[in-house]
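The values are calculated or read from the model by the stated rules, or taken from the named source; none is laboratory data. This structure is a prediction, so every number in the text was calculated from the model and none was measured. Every residue, glycine as well, gets a Cβ built from its backbone with ideal geometry; the counts of neighbours run over all protein chains shown.
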Amino acid sequence: MDKKKITVAVTGLNNIDSPGPGIPVIRALKESRYFEVRIIGLSYETLEPGLYMHDLVDKSYQIPMPSAGTATLYERLAYIQDKEHIDVLIPNFDAELYNFIKLSDKLKYELGIKTFLPTLEQFEERHKSVLYEFGEKNEVKVPFSKMLFNVTEINDLKNEFTYPLVVKGKYYDASIAATPEQAVNYFYKISAKWGLPIIIQEFVSGNEVNVTAIGDGKGSCIGAVPMRKLYITDKGKAWAGISLGDEQLIEITNRVIGNSKWKGGCELEFIKTKEGEYYLLEMNPRFPAWVYLSVGCGQNHPESLVKLALEESVEPFQNYQTGKMFVRYSYDQIVDIEEFEKISTQGEL
């Protein structure tokens, strides 16, 4: 079968100790059975390792930080599109998704760049700050949570929470506080990095299990692969994991994706209690950094997302392989200073 040649732009090239999903998404696309993919890397920093992985990324461009807003981003993407003729764009960071969602129609109809992203309503409904309400709406248990905008509110938590409790940032980071003093410390630390509000969440004891999934936006779950972490870094990131056979977890994932009519890739993070109950801790609105495990299990989620973006028919996956492991490793790339200078000064590589 002749593969269809396409150009796909991908963000999230920071393949570091807290990796972005960009490189795993690119690896999945490079192994597509249907597409021959040329990759355009979109970076925010000049030291994102993906910039220099020329076997995976064919050309790279810097794009403005999300705080620059949609107009600046659109102007930069129009410049890139004029040169590269991008078919599909896959953003991979929570913090950038708002801008890309807002621009999705304009990108499609004015520039010819297709995306497959959740609606703004879907994006807002699964925020950590309103996840409890999301759980009630979609028939899944969620630990009780509350938003804080001022550190003085921690004194009042004893009326609604018991310690330990979880202190979370609105985009990333979570720490378990055993005392009010620790909660204050984490409030300052996380808010300095990600801003307000801070989310306080009830602590649920058990084993963490995660699911990478993709929804078609019409109520069907195209694919889902559950994973349990085997090795966790000091940042709480999975450095090794194994795919699980868990029908109950797949059923819950199908229900969440189906009820919410989720559109695009996502990661569902659960705690399984010793009683066997599942609590949804987070729903991340993009593929996880371990999404390449889905390819190893027989479900190429990034490939399916590209097909959906191109409005091609996609049949839901019926099964996946269990007992497949991923193990991350560090790798020293040798890069000429000229390449670093070029991306730093010209914004292209």
**Request:** Answer yes if at least one residue in the range 327-335 is closer than 18 Å to V8 by Cβ and without any contact (Cβ under 8 Å) to a residue 60 or more places away in the chain, and no otherwise.
**Result:** no
**Asked** Pick from Y171, Y188, Y98, Y132: which is surrounded by fewer than 20 Cβ atoms within 10 Å (Cβ to Cβ) and assigned by TED's automatic domain parsing to the domain that holds H85?
**Response** Y98
**Asked** Scanning for something assigned to a loop (DSSP other than H, G, I, E, B), under 16 Å from the mean Cα position of the chain (by Cα) and not aromatic (F, W, Y), does the range 20-37 turn up at least one residue?
**Response** yes
**Message:** Quick test of your reading of the structure: G323 fulfils all but one of (1) of a type in the set (G, A, S); (2) under 21 Å from I90 (Cα atoms); (3) assigned to a loop (DSSP other than H, G, I, E, B); (4) touching a strand residue (DSSP E or B) at 6+ places or on another chain (Cβ under 9 Å). Name the failing condition by number.
**Reply:** (2)
**Complete:** Out of (1) touching a residue at least 24 places away in the same chain (Cβ under 8 Å); (2) of a type in the set (D, E, K, R); (3) part of a strand (DSSP E or B), the one R228 does not meet is (1)
**Request:** Quick one: which residue in A9, A71 is among the aliphatic types (A, V, I, L, M) and surrounded by 18 or more Cβ atoms within 10 Å (Cβ to Cβ)?
**Result:** A9
**Prompt:** Residues in the range 113-128 that are touching an Asp or Glu at 6+ places or on another chain (Cβ under 8 Å) and at pLDDT 95 or above: how many?
**Reply:** 2
**Request:** Can you tell me which residue among Y109, Y74 is more than 25 Å from K307 (Cβ to Cβ) and among the hydroxyl-bearing types (S, T, Y)?
**Result:** Y74
**Prompt:** Yes or no: E339 in the same structural domain as F100 (by TED's automatic domain parsing), surrounded by 14 or more Cβ atoms within 10 Å (Cβ to Cβ) and part of a helix (DSSP H, G or I)?
**Reply:** yes
**Message:** Considering only residues that are farther than 30 Å from A240 by Cα and among the β-branched types (V, I, T), which ones fall in the range 330-349?
**Reply:** I337, I343, T345
**Message:** Residues that are farther than 18 Å from F340 by Cβ and in a helix (DSSP H, G or I): does the range 47-59 have at least one?
**Reply:** no
**Complete:** Scanning the range 28-68 for residues that are closer than 20 Å to D94 by Cβ and of a type in the set (D, E), the one surrounded by the fewest Cβ atoms within 10 Å (Cβ to Cβ) turns out to be E45
**Request:** Please find, among H127, H85, the residue that is surrounded by fewer than 17 Cβ atoms within 10 Å (Cβ to Cβ) and touching a residue at least 12 places away in the same chain (Cβ under 8 Å).
**Result:** H85
**Request:** Just give me the residues in the range 229-248 being over 19 Å from the mean Cα position of the chain (by Cα) and either under 17 Å from I176 (Cα atoms) or small (G, A, S) (or both), in sequence order.
**Result:** D234, G245
**Fill in**
Within the range 213-249, residues hydroxyl-bearing (S, T, Y) and more than 17 Å from R328 (Cα to Cα) come out as S220
**Asked** Within the range 260-313, restricting attention to residues that are among the polar types (S, T, N, Q) and not in a helix (DSSP H, G or I), which residue is surrounded by the fewest Cβ atoms within 10 Å (Cβ to Cβ)?
**Response** S313
